[in-house]
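Here the structure comes first, spelled out in structure tokens, and everything after it is commentary.
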Amino acid sequence: MEIQLWRELLDPYEQAVSELLKKFCNVREEYLKKNMYAPIESVSGRVKTVASILEKMQRKNISFETLEEDLDDIAGIRIICQFVEDIEKVAALIGKRTDMEIRSTKDYLRNQKGSGYRSFHLIVWYTVQTIDGPKKLQVEIQIRTMAMNFWATTEHSLQYKYKGEIPAHISQQLNRASEAIEILDREMSQVRSEIMDAQIDSQIETNLVKDILRNIENLYKLDNKREVVKIQNEFYRIFSTHNLEELKRFHRQLDIIAEGSRAQAVDPAVNHQ
Ligand code: 0O2
């Protein structure tokens with residue numbers, strides 16, 4: 001293939017990766033804004049390098065003519081979850097979306113690879129809008145836990161170092177490490193609800209503080225500064241107690257004060273009724 005055509009081929013894949021990254025980050029944000037536990041911990045993505053495409057074409061005997069059909073991971077998204085249970089949730093969430101269509105799945109959780117690799121893969125059809133019209137592409141989405149990702153990233157580097165021929169004794173160690181990762185994930189699942197509760201509380205606190213600060217800032221513009229300083233000091237006091245219920249109560253009270261202040265600013269007569 002002519003060198004300049006690689007750019008043309010890969011550009012829509014770059015676009016797909018950048019759009020999907022944004023979309024999956026939005027999913028996480030949506031959960032957090034609603035004070036809910038987010039099954040997505042982080043998202044990354046990449047377009048396969050030309051060197052890696054060429055290597056896989058050779059290895060799998062793929063021609064340039066059928067490249068886009070036969071190579072389903074030119075665009076790749078990796079979704080990292082905290083717990084094994086989240087993987088299913090994320091896969092179900094993808095299944096319900098109307099902007100992507102699942103073409104196939106590979107469950108390397110139930111069918112772990114000989115190397116010890118564990119992950120859940122989905123190949124989806126995704127359409128990007130280009131100046132030449134819509135282009136439907138395949139994208140590989142890998143979903144795995146943080147622990148599985150640690151193992152896969154390390155093993156991938158060793159695959160590169162040993163050009164796919166990892167010495168037997170290292171392979172055995174990697175297999176043992178993979179078993180340890182599975183046990184770790186299982187152990188973490190045991191305390192999942194505890195961890196989720198803690199994270200939800202922390203998110204509620206973050207959102208409450210954001211709201212409180214916005215209200216105090218607004219009061220500064222409208223109200224008696226000395227009163228607002230008192231409110232601000234009360235906020236610092238409550239915050240230092242780490243009592244979420246107190247913080248919620250303060251937030252509700254402040255909302256009422258801020259509402260009254262706004263009404264007064266719009267209609268000064270409110271104060272004289
Ligand atoms: P990169 O650098 O991530 O793009 P294969 O024949 O296994 O190479 P196939 O049949 O297309 O690939 O599908 P599969 O098995 O689902 O693998 C797709 C991707 O999953 C791989 O892409 C890796 O990212 C990851 N993967 C699969 N098996 C292993 C493994 O044993 N160890 C690690 N670390 N990752 C794995 P690429 O093209 O190999 O690499």
In the Gaussian network model of the chain, springs joining C-alpha atoms below 10 Å, which of SER189, SER115, SER240 carries the largest mean-square fluctuation?
SER240
Count the DSSP beta bridges whose two residues both fall in the stretch 6-171, then state the antiparallel fraction as a percent rounded to the nearest 5.
75
Among LEU21, SER193, GLN142, whose Cα lies farthest out toward the positive end of the dipole of the chain, if unit charges sit on the beta carbon of Lys, Arg (+1) and Asp, Glu (-1)?
SER193
In Å², nearest 10: area of SER261 left accessible to a 1.4 Å probe
10
Please compute the modelled spin-label separation between GLN129 and SER104, points set 7 Å along Cα→Cβ, answer in nm with one decimal.
3.1
For ARG252 and GLN173 in the same chain, what is the full-extension length gain: residue separation times 0.36 nm, less their Cα-Cα distance, in nm?
22.9 nm
As I understand it, the dipole of the stretch 6-171 uses +1 on the Cβ of Lys and Arg and -1 on the Cβ of Asp and Glu, about the Cα centre. Which of ALA75, LEU158, GLY133 lies farthest toward its positive end?
LEU158
Which of ASN26, ASN218, ASN207 fluctuates most in a GNM of the chain (C-alpha springs under 10 Å)? That residue is ASN218
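If you average the sequence gap of Cα pairs under 8 Å that are 6 or more apart and divide by the length of the stretch 195-272, what percent do you get for the contact order? Don't skip to the answer; put the middle values down first.
Values: 31 pairs, mean separation 28.7, N = 78.
Answer for the stretch 195-272 is 37 percent.
Please report, as a whole percent, how much of the solvent-accessible surface of the stretch 73-155 comes from carbon and sulfur atoms (probe radius 1.4 Å).
Working: 1980 of 3800 Å².
Its accessible area is 52 percent carbon and sulfur atoms.
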Rolling a 1.4 Å sphere over the protein heavy atoms, what is the accessible area per residue of the stretch 195-272, to the nearest Å²?
67
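Pop out the Kirkwood hydrodynamic radius of the stretch 195-272 from its pairwise C-alpha distances, inverse of mean 1/r, in Å to one decimal. Before the final figure, lay out the partial values.
Working: mean 1/r = 0.0746 Å⁻¹.
Here the Kirkwood hydrodynamic radius works out to 13.4 Å.
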Computed over the stretch 10-51, the relative contact order (Cα-Cα under 8 Å, seq sep at least six) in percent reads 49
Taking Cα centroids, how far is the stretch 181-230 from the stretch 83-150 in Å?
31
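Hey, if we sort ARG192, ARG28 by accessible area with the 1.4 Å probe, largest down, what's the order?
Values: ARG192 45, ARG28 65 Å².
Per-residue accessible area, sorted high to low, gives ARG28, ARG192.
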With label points built 7 Å along Cα→Cβ from the Cα atoms of ASP197 and THR153, find their separation and express it in nm.
3.1
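In terms of solvent-accessible area of protein heavy atoms at a 1.4 angstrom probe, what is the ranking of CYS25, CYS81, highest value first? Could you put the intermediate results ahead of the total?
On the way: CYS25 60, CYS81 0 Å².
Largest to smallest exposure gives the sequence CYS25, CYS81.
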The size of the Cβ-based charge dipole (Lys, Arg +1; Asp, Glu -1) of the chain about the Cα centre, to the nearest 20 debye, is 320
Could you work out how much longer the chain between LYS225 and THR206 gets when fully extended? Use 0.36 nm per residue separation minus the Cα distance between them, nm to one decimal.
4.3 nm
Holding the Cα-Cα limit at 31 Å, pick out from LYS135/LYS210; LYS34/LYS136; LYS113/LYS135; LYS23/LYS221; LYS113/LYS161 the pairs that are longer than that.
LYS135/LYS210; LYS34/LYS136; LYS113/LYS135; LYS23/LYS221
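The values are calculated or read from the model by the stated rules, or taken from the named source; none is laboratory data. No experiment lies behind these values; they were computed from the predicted model shown. So basically every Cβ, Gly included, is an ideal-geometry build from the backbone, and we count neighbours across all protein chains shown. Keep in mind that these areas ignore ligands, DNA and RNA; they rest on the heavy atoms of the full protein, side chains included. Shrake-Rupley method; radii C 1.70, N 1.55, O 1.52, S 1.80 Å.
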